[in-house]
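The values are calculated or read from the model by the stated rules, or taken from the named source; none is laboratory data. Just so it is clear, the model here is predicted, and its values are computed rather than measured. Here the Cβ positions follow ideal geometry from the backbone for every residue, glycine too, while neighbour counts run over all protein chains shown.
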Amino acid sequence: MPQDLQHVPVDHTVKIVSVEGEDAAAMRVRELGLTYGTVCKIVRKAPFGGPVEVAVGQTHIGIRLNNVVRILVEPYANATS
């Protein structure tokens, strides 16, 4: 069952199921490479709902998840982390 990226613990690898939200904000997230089917690892999370750092391959992306953008993910079964 998909869950919000914001609630995934650090060091877990997930696959993106959908990116939802306001058109411009959701488009920006997709432009950063966070699209359907992308596998990413949660590297770091700032406290109190701050930015989340995810690794997509060798690229690290910091993204602020709020009520404008919602990224739904599911656990990635083939994780070799």
Open item on the list: As an exercise: evaluate VAL43 against (1) aliphatic (A, V, I, L, M); (2) closer than 19 Å to ALA77 by Cβ; (3) part of a strand (DSSP E or B) and give the number of the one condition it does not meet.
Closed with: (2)
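Being under 21 Å from GLU22 (Cα atoms) and modelled with pLDDT of 95 or more is the filter; apply it to region 37-49 and report the residue that is surrounded by the fewest Cβ atoms within 10 Å (Cβ to Cβ). Spell out the reasoning first.
Let us first name the residues in region 37-49 that are under 21 Å from GLU22 (Cα atoms), namely 37-38, 49.
So of that shortlist, the ones also modelled with pLDDT of 95 or more come out as 37-38.
Details: GLY37: 7, THR38: 18.
It comes out as GLY37.
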- [ ] Just give me the residues in region 29-60 being out of contact with any helix residue (DSSP H, G or I) (no Cβ under 9 Å at 6 or more places or on another chain) and either touching a residue at least 24 places away in the same chain (Cβ under 8 Å) or aliphatic (A, V, I, L, M) (or both), in sequence order.
- [x] VAL29, LEU32, GLY33, VAL39, LYS41, VAL43, ARG44, ALA46, ALA55, VAL56, THR59
Task: Residue in region 50-61 that is modelled with the highest pLDDT, counting only those that are in contact with a strand residue (DSSP E or B) (Cβ under 8 Å, 6 or more places away or on another chain) and either over 15 Å from VAL8 (Cβ atoms) or outside any strand (DSSP E or B) (or both) - done: HIS60
